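All remarks here apply to the structure that follows.
The values are calculated or read from the model by the stated rules, or taken from the named source; none is laboratory data. Source: prediction; values computed, not measured. Using ideal geometry, Cβ is built from the backbone for each residue, glycine included, and neighbour counts are taken over all protein chains shown. To get the accessible areas, we keep the full protein, side chains included, count just its heavy atoms, and leave off ligands, DNA and RNA. Shrake-Rupley method; radii C 1.70, N 1.55, O 1.52, S 1.80 Å.
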Amino acid sequence: MNRLILVSNRLPFALERVGSGPWIVTSSVGGLVRAIEPVLRERAGTWIGWIGMAGDIPQAPLADASRNAGYQVIPVALSEAERDEFYYGYSNEVIWPLFHDLQNFCNFEPAFWQTYKAVNQRYAETIAQHCERDDFIWVHDYHLMYVAQALRERGVSAALTFFLHIPFPAYDIFAKLPQQQRLLRALLQFDLLGFQTRRDLRNFLQCVRRVLPDAAVHTIAGLHLIRVEKREVRVGSFPIGIDFESFEKGAASQEVAQRAEQLRAAFPGCQLVLGVDRLDYSKGIPERLRAFRDGLERYEELRGRVVLIQNVVPSRVEIPRYHEFKDRIDRLVGDINGRFSTDTWLPVHYRFRRLDRDDLLAHYRACEIALVTPLKDGMNLVAKEYCACRIDKSGVLILSEFAGAAEQLKRSALLVNPYDVEQVADTILKAFRMSKAQRSMRMKRMRQLISNENVFSWVNSFFAAASRSPSDSAQNPR
Ligand code: GDG
């Protein structure tokens, strides 16, 4: 079995210290980490990434983390200037907004691209130092799209694969990117490119056809093959899943059941509507609040009988746009509560902090309706986690048609256009009125699908596609 080298912008650890006290290492417990760690242990693996802080990296705590994790951990160091121009700059002020169709939010500062390339080269250098010819290298996400190009320039011929967690935009949007050709050519230095949905895959192929006339796209059963510069690149869609069982088990625990009960008891006679998001303009939080306000305005039936619990996790607050965005949310919450609250009812309960895991699961369990309405999202794991925690098989999922998850859940979720405030308000009413039998039928179907297509099967399907030989299937030029 080939050794696995996993590369992502961030390592699955964070380092913290109070004053000049000892460093404390906390491990990330996300689904990707849980799915990939056993594979890394089994395949003598290495995880390469940034520790999340600029400047020198304290080696000792990381060596301990590596020993405890059971696989090798190699940090990549970034200076403050590199963090600002590579991470906040090109990654999060160019690629992130553009790939979420929000081109007006982009800051196409030319210096960002130079630093993006330089940092990707640093990652490539680190990979090259630690990899061997037969290693399987799996690079993740939009921060590292130039890594394969930099590795090939160093003569690395190992198998290079890539998965994009965020959407890939349609050509008319992508064409705005000043580095469109260079970025596509760099991506085509990977051997396998994975996207979240068929929509992203279609968009990517369309961009390749329009931007690179020398590239030819062929279809293989389920996979596509791009021939360019005497190379063959496989491209496919691999919708990411969650660790369904761990959410289901967690939700069934005594602690979570108790917290969920307390939450419900705090709002007697009301159906609870839940919003859970990172602070990000792509998540559609102001549009959601406007829809909720519109519902209260037009449907008296909802007043005093629904409560929106909106939790927002602080994120990227160093970028000014994120500040302005938070102010907008604060103002909207104030407006709704100012206009509609009574002595006994506050329509919006808003928190700006990270919930601990049990609390998050208790919210999923306690809320009858989940309002997941991003303007665009690669997948959106909250939608899937909510369903996994509905162990009583009830609950309604209102889901943006622009979330990757909609491709899988469209038959059973209530799909909405997040920009259509009136439609979302009508859908909140529909969810509020939905019968128990309808809720249960829809929720059972979603749980079944999310349980089957979980994060472990996602990893396996990606590895299977990587090991499939291009000649396994007939090829039809398009
Ligand atoms: C990127 C893509 C794609 C949220 N609030 C709390 C909390 N969370 C956790 C959720 C969930 C995660 O954060 C958010 O995941 P999403 O998928 O919704 O969004 P991104 O962070 O933007 O992730 C996305 C994903 O990559 C995977 O490929 O789906 O489209 O943008 O897991 O549970 N966790 C805790 N407290 C909170 O208050 N503990």
note = With the 1.4 Å probe rolled over protein heavy atoms, region 1-141 has an accessible area per residue in Å² of 44 Å²
ask   = If exposed GluC sites (Glu not before Pro) are those in a DSSP loop with at most 15 other Cβ within 10 Å, what is the longest stretch of the chain that has none?
value = 1-131
ask   = Against the longest principal axis of the chain, how steep is helix 436-452, in degrees 0 to 90 to the nearest 10, with axes from Cα atoms?
value = 20 degrees
remark   = Taking every other residue with Cβ under 15 Å from the Cβ of R231 and scoring Lys and Arg +1, Asp and Glu -1, one gets 0
ask   = Which value, in debye to the nearest 20, describes the size of the charge dipole of the chain about its Cα centre when Lys and Arg Cβ atoms bear +1, Asp and Glu Cβ atoms bear -1, and nothing else is charged?
value = 1180 debye
message = Taking 8 Å as the Cα distance limit and 6 or more residues as the minimum spacing, I'd like the relative contact order of region 244-452 as a percentage.
response = 27 percent
Trypsin sites (Lys or Arg not before Pro) restricted to region 296-394 and DSSP loop, no more than 11 other C-beta within 10 Å = R353
query = When DSSP assigns beta bridges and you keep just the ones with both residues in the chain, what percent turn out antiparallel, to the nearest 5?
reply = 25 percent
request  = With a point put 7 Å past each Cα toward its Cβ, work out how far A44 is from A111 in nm, to one decimal.
outcome  = 4.5 nm
ask   = Roughly how many Å is it from the Cα centre of region 425-453 to that of region 393-410, as a whole number?
value = 9 Å
query = So what is the accessible area of region 244-452 per residue, in Å², with the probe set to 1.4 Å?
reply = 42 Å²
DSSP bridge orientation in region 1-120 - percent antiparallel, rounded to nearest 5 = 30 percent
ask   = At a Förster radius of 56 Å, what calculated FRET efficiency corresponds to the Cβ-Cβ distance of T342 and K230, to the nearest 0.05?
value = 0.20
inquiry  = Once each part is reduced to its C-alpha centroid, what is the distance from region 328-343 to region 58-109 in angstrom?
reply    = 36 Å
inquiry  = If I fit a long axis through the Cα atoms of helix 31-42 and take the longest principal axis of the Cα atoms of the chain, what angle between them do I get, 0 to 90°, rounded to 10?
reply    = 40 degrees
key: Acute angle (nearest 10 degrees) that the helix 421-433 long axis makes with the longest principal axis of the chain, alpha-carbon atoms   = 60 degrees
Carbon + sulfur, % of accessible area of region 244-452 - ligands and nucleic acids excluded, 1.4 Å = 47 percent
remark   = Dividing the helical contributions, -39500 (n - 2.57) per DSSP H run of n ≥ 4, by the residues of the chain yields a 222 nm value, nearest 500 deg cm²/dmol, of -13000 deg cm²/dmol
query = Which FRET efficiency value, to the nearest 0.05, is calculated for E132 and S435 with the Förster distance at 45 angstrom and r the Cβ-Cβ distance?
reply = 0.15
inquiry  = Rounded to the nearest 20 debye, what is the charge dipole size of region 244-452 about its Cα centre when +1 sits on each Lys and Arg Cβ and -1 on each Asp and Glu Cβ?
reply    = 480 debye
